[in-house]
Amino acid sequence: MKILLIKPYWSYPYSRGEYTYNRIWPPLCLANCAAILEKEGFDVKILDAHAERIQPEKIARYICGYDKIFITSSSLDRWQCPNIDIKTFLETVKYCKEKNDEVFISGYHGTVEPERILGLTGAKAVIIGEPECTILDICRNNNLSKIQGVFFKDDGQIVSNPKREPLDFKKIPIPAYHLLDFKKYFYEILGGRFSLFEISRGCHYKCTFCNKIMYGGGVRSKSSKQIIEEVTIAIEKYKIKTGFFMDLDFLSNRIIVEELCDYLIKKKYRFKWSCQTRPDFLDMEILRKLKNAGCEILHMGIESGSQNSLKEFNKNMNIKTIFNAFRMCNVVGIKILSFFLFGLSDETNQDREDTLNLVKKLNPDFVSFHKVYPYKGSVISQDNISKNSAADRFIRKAFIKFYLRFSYVSKLNPYIILCGPRLLWGRIKTL
């Protein structure tokens, strides 16, 4: 049986009117699915229409001869912050459906609104939650009524099967790297020949804005042996030069991280990477180890310079901790990309100015300003979001004030200078 896994085309770098950054990153969840399917003897291909820049109306020429087609509305890097405008996804499904009726949908949108997505796409079924094991079961068994984690119509009647248990991370095989063209993938602030990695899924914290519905409950981790093997194969066989660990909180798995770092330090690979963590997880010992292992950039969600907003976000963090984390990163020489949120209903102009003042004092290497969005699956609702455009105007101003400084531009390396203007202009243009 021939199986096609599709990541659709999205506008790059941003969709108009959205804060979602459509990075050209590999669809790691599809590579996981492909590895599981190949282990069972299926003939699998991944079509990354986003990386290949294949717009929906051109998709038909790539999909002939497959028995089943699976299309994701949000690959792993978009699970937490999925696109709001899914027009190109729906168009991709439409053109695929014209050639093949065996079309199935995975991703965030079908997970939170399965009936709506089933109606919009006319798909055979919608997969709820993590796709890996459900896709395998669909390929094994044409009787959808016996498969957990699917939503479909049977004789005009809606059928919603029980949810599937979360994936056992320790049993997942090496992702199907051979089905990805790593020349296409890059991270603008890190470099090319780029791959994603994943030690764990889930997060112990309960930030109100965070959408974790695709991750299931709790935190599940791979073993250090697994992740070391994945990284080794990616670097040595597929010549990966840069990477990002997609864990919601990388350092929540500190023992595994230390073993990985010790291995990378020993091997002395020319491999630069990034990860995401909380400021209160950092100390000089772990930062030095991260730096020696090749970590170039830490992503940190600071969210606000207003203690009231931090409380509403349930960040369980104070400004003093944030300053201390930035100071230690500066000492060690690890760059910081920090994230800030605007747009709460009770947010004042002073709260916004306090946040911008904090950004200026912290002076991160990179900063990303976003508007809070009430994703289904997060605690924050539409009632918590401001209905006026003050936050949008302020975000536009903040981007310009931060990035268009001579003191900032003059210290950038050539790679970022080449990639950065397109990214920044794309961001300002869509606001």
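Conditions tested, residue by residue: (1) small (G, A, S); (2) in a helix (DSSP H, G or I).
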{"site": "I158", "(1), (2)": "no, no"}
{"site": "R164", "(1), (2)": "no, no"}
{"site": "L167", "(1), (2)": "no, no"}
{"site": "K183", "(1), (2)": "no, yes"}
{"site": "C203", "(1), (2)": "no, no"}
{"site": "C207", "(1), (2)": "no, no"}
{"site": "G217", "(1), (2)": "yes, no"}
{"site": "K225", "(1), (2)": "no, yes"}
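Exactly one residue among L28, L4 is under 24 Å from K171 (Cβ atoms), at pLDDT 95 or above and touching a strand residue (DSSP E or B) at 6+ places or on another chain (Cβ under 8 Å), and that residue is L28.
How many of the residues in region 202-220 are in contact (Cβ under 8 Å) with a residue 60 or more places away in the chain, crowded, with 18+ Cβ neighbours inside 10 Å and not hydrophobic (A, V, I, L, M, F, W, C)? Of the residues in that region, 3 qualify. Where residues in region 108-142 are surrounded by fewer than 17 Cβ atoms within 10 Å (Cβ to Cβ) and touching a residue at least 60 places away in the same chain (Cβ under 8 Å), which of them is nearest to G377 (Cα to Cα)? It comes out as E113. Taking the conditions exactly as written (at pLDDT below 95 and either among the β-branched types (V, I, T) or not assigned by TED's automatic domain parsing to the domain that holds K289 (or both)), does I385 satisfy them or not? Yes. Considering only residues in region 36-52 that are within 19 Å of K184 (Cβ to Cβ) and buried (at least 20 other Cβ atoms within 10 Å of the Cβ), the one that is farthest from the chain's Cα centre (by Cα) turns out to be V44.
Here K361 fits the description: of a type outside the set (D, E) and outside any loop (DSSP other than H, G, I, E, B).
The one condition from (1) over 30 Å from V372 (Cα atoms); (2) under 25 Å from the mean Cα position of the chain (by Cα); (3) outside any strand (DSSP E or B); (4) not polar (S, T, N, Q) that Y95 does not meet is (2).
Residues that are out of contact with any Cys (no Cβ under 7 Å at 6 or more places or on another chain), touching a residue at least 24 places away in the same chain (Cβ under 8 Å), over 28 Å from F245 (Cα atoms) and assigned to a helix (DSSP H, G or I) are absent from region 100-107 altogether.
Restricted to region 57-82, and to residues there that are in contact with a Pro (Cβ under 8 Å, 6 or more places away or on another chain) and in a loop (DSSP other than H, G, I, E, B), the residue that is farthest from A123 (Cα to Cα) is S75. For the structure I just gave you, tell me whether E18 is surrounded by 17 or more Cβ atoms within 10 Å (Cβ to Cβ), closer than 22 Å to Y375 by Cβ, in the same structural domain as I135 (by TED's automatic domain parsing) and acidic (D, E). Taking the combined requirement at face value, the residue satisfies it.
Counting only strands (runs of 3 or more DSSP E) that sit completely within region 263-344, those holding 1 or more residues that are aliphatic (A, V, I, L, M) correspond to 295-303, 335-342. Within region 245-257, the only residue that satisfies the criterion of being among the aromatic types (F, W, Y) and buried (at least 23 other Cβ atoms within 10 Å of the Cβ) is F250. If you go through region 185-201 and keep only what is closer than 26 Å to S224 by Cα, hydrophobic (A, V, I, L, M, F, W, C) and assigned to a loop (DSSP other than H, G, I, E, B), you end up with L190, I199. Taken as a whole, the condition of being without any contact (Cβ under 8 Å) to a residue 40 or more places away in the chain, buried (at least 18 other Cβ atoms within 10 Å of the Cβ) and under 26 Å from H370 (Cα atoms) applies to C275. For the condition within 30 Å of P27 (Cβ to Cβ) and either crowded, with 18+ Cβ neighbours inside 10 Å or of a type in the set (S, T, Y) (or both), S223 qualifies.
R164 meets the conditions (1) over 30 Å from Y14 (Cα atoms); (2) in contact with a strand residue (DSSP E or B) (Cβ under 6 Å, 6 or more places away or on another chain); (3) buried (at least 17 other Cβ atoms within 10 Å of the Cβ) in every case but one. The failed one is (2).
Regarding region 117-135, can at least one residue be identified that is assigned to a loop (DSSP other than H, G, I, E, B) and hydrophobic (A, V, I, L, M, F, W, C)? Yes, region 117-135 contains at least one residue that is assigned to a loop (DSSP other than H, G, I, E, B) and hydrophobic (A, V, I, L, M, F, W, C). The residues of region 333-364 that are within 25 Å of F244 (Cβ to Cβ) and touching a Ser or Thr at 6+ places or on another chain (Cβ under 6 Å), listed by number, are F339, F340, P364.
Filter region 53-88 down to the residues that are without any contact (Cβ under 8 Å) to a residue 60 or more places away in the chain and among the hydrophobic types (A, V, I, L, M, F, W, C), then identify the one that is surrounded by the fewest Cβ atoms within 10 Å (Cβ to Cβ). The extreme case among them is C64.
The values are calculated or read from the model by the stated rules, or taken from the named source; none is laboratory data. Being a predicted model, the structure only gives us computed values, none of them experimental. All Cβ positions, even for glycine, are placed from backbone atoms using ideal geometry, and neighbour counts span all protein chains on display.
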